[in-house]
Amino acid sequence: MGSKKPDFIDVEVGQRIRIQRLAAGLSQSELAERIGVTFQQVQKYEKGMNRVGAGRLTKIARVLNVPVGSFFDGRETIEQVALQGMDSPLAAMAQPYAYRLLRAYSTISDPGLRQTIVDFVERTASQPFVGGLPPQRPPSGRH
C-alpha cells in the first residue's frame, strides 16, 4: 500500500491548530504535554498527517482557549480559494515565523511604511536563493 495523501480538511484543521498554538505562545512540546500526547503527534496533527479525533480536538481547543468551531470557521471560503487553484491563506500563516511577522506588521500604523515592507518582502521573495548561510550580525559592541 502506497503513502496516503493527507485529507484537505485534516490539513486545514492542522494549520489552524498551529496558528492558534503560535498565537497562544506555546511550543509543540508544551501543547503536547497539556493534551497528553508526544510533540511528534502534535507535529503530525499540524501537518494533517494524523486526523485529530473529536475528544482530542476539544482538549486542544480548551488548552488554546478557543471554541472548537474555530478550527472549522470559514472553511467554505478557503475551499473556494483552493478550487480556484490558489494556496490557502492558512497555509501561508502556518509557515515558520509567519505569525510573528504578521503580528509585528499589524502594529505598524504608518501606511507608507507598511507598503515599503510589503514591497521589500515581495522583492526579496522573488530573488533566487544563493546557497550558504545569511551574513552574521556583527557583535553588539561588547568586547
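The values are calculated or read from the model by the stated rules, or taken from the named source; none is laboratory data. Computed from a predicted structure; not experimentally measured. Virtual Cβ from ideal backbone geometry, glycine too; neighbours counted across all protein chains shown. Side chains included, ligands, DNA and RNA excluded: accessible areas come from the protein's heavy atoms. Shrake-Rupley method; radii C 1.70, N 1.55, O 1.52, S 1.80 Å.
Filter the range 40-57 down to residues that are under 16 Å from the mean Cα position of the chain (by Cα) and hydrophobic (A, V, I, L, M, F, W, C) and give me whichever is most open to solvent (accessible area, probe 1.4 Å). My answer is Met49.
Quick check on this structure: which one of Ile17, Ile60 is without any contact (Cβ under 8 Å) to a residue 60 or more places away in the chain, open to solvent by less than 50 Å² (accessible area, probe 1.4 Å), closer than 18 Å to Tyr97 by Cβ and assigned to a helix (DSSP H, G or I)?
None of the others qualify; the one that does is Ile17.
For the range 100-113, indicate whether the set of residues that are at pLDDT below 70 and basic (Lys, Arg) is non-empty.
no
Put simply, of Thr58, Thr116, Thr77 the only residue that is among the hydroxyl-bearing types (Ser, Thr, Tyr), closer than 24 Å to Gln20 by Cα and modelled with pLDDT of 90 or more is Thr58.
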